[in-house]
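All remarks here apply to the structure that follows.
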Amino acid sequence: MSVDVGARLRFVRTQYGLSQRQLAKKAGVTNSTISLIEANQTNPSVGALKRILDGIPIGLAEFFAIEPDRPAQIFYRADELTEIGKGPVSYLQIGRSAAGRALQILKERYEPGADSGRIALVHDGEEGAIIISGRLEVTVDDERSILGPGDAYYFDSRRSHRFRCVGPEPCELVSACTPPTF
């Protein structure tokens, strides 16, 4: 994975309200050094980047953890959904990450007999879904129901819950969880 150090440095510098000249003075480097890094015309060594970041001040780990602002993507094609499931259970998430979001939306697919696992799920938030096709057994605490196309569920995710595809065909549903703690 390639990291745009220049754009990230520009983002962090402006977030801290520093001009290139101010940062250069604090870091003990030339103004042109900051300019060249931000323009991606030079690649600083780890040591040089550390000295520059000390002038902000921000650590290397925090610097690389920050995601510079980018235009929010509005539309997602089917091939742009991110797979976060595995095996006979597919969870296609809208967006690469749920970090910083208030809502997680998934297109779920359970193959016949597949389930969410032997251990019930429990996490902060609320969740709900509408079944698109197939049949899904939903267990929340000691309540159980088998849902089919058009049926839905909604509950507090702090209650223990499990999902299992029943019947001969895969079950597909669209679900949402807020906040995204799944």
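Data overview
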| quantity | calculated |
| --- | --- |
| Cβ-Cβ under 8 Å pairs, at least 6 apart or on other chains, the stretch 111-130 side farther than 23 Å from Pro170 by Cβ and open to solvent by 20 Å² or more (accessible area, probe 1.4 Å), far side hydrophobic (A, V, I, L, M, F, W, C) and not in a loop (DSSP other than H, G, I, E, B) | Glu126/Phe155; Glu126/Cys177 |
| Count - residues of the stretch 144-182 that are of a type outside the set (Lys, Arg), in a strand (DSSP E or B) and under 24 Å from the mean Cα position of the chain (by Cα) | 13 |
| Qualifying residue in the stretch 3-24 (condition: under 26 Å from Gly95 (Cβ atoms), of a type in the set (Phe, Trp, Tyr) and in contact (Cβ under 8 Å) with a residue 12 or more places away in the chain) | yes |
| Any helices (runs of 4 or more DSSP H) falling wholly within the stretch 1-88 and containing at least 1 residues that are surrounded by 14 or more Cβ atoms within 10 Å (Cβ to Cβ) and more than 28 Å from the chain's Cα centre (by Cα) | 20-27, 31-38, 46-54 |
| Checking Lys107 against (1) open to solvent by 80 Å² or more (accessible area, probe 1.4 Å); (2) without any contact (Cβ under 8 Å) to a residue 60 or more places away in the chain; (3) within 18 Å of Leu173 (Cβ to Cβ), the condition it does not meet | (2) |
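The values are calculated or read from the model by the stated rules, or taken from the named source; none is laboratory data. Because the structure is predicted, anything quoted here is derived from the model rather than measured. Glycine also receives a Cβ, built like all others from the backbone with ideal geometry; neighbour counts cover every protein chain displayed. All accessible areas refer to the heavy atoms of the entire protein, side chains included, with ligands and DNA or RNA removed. Shrake-Rupley method; radii C 1.70, N 1.55, O 1.52, S 1.80 Å.
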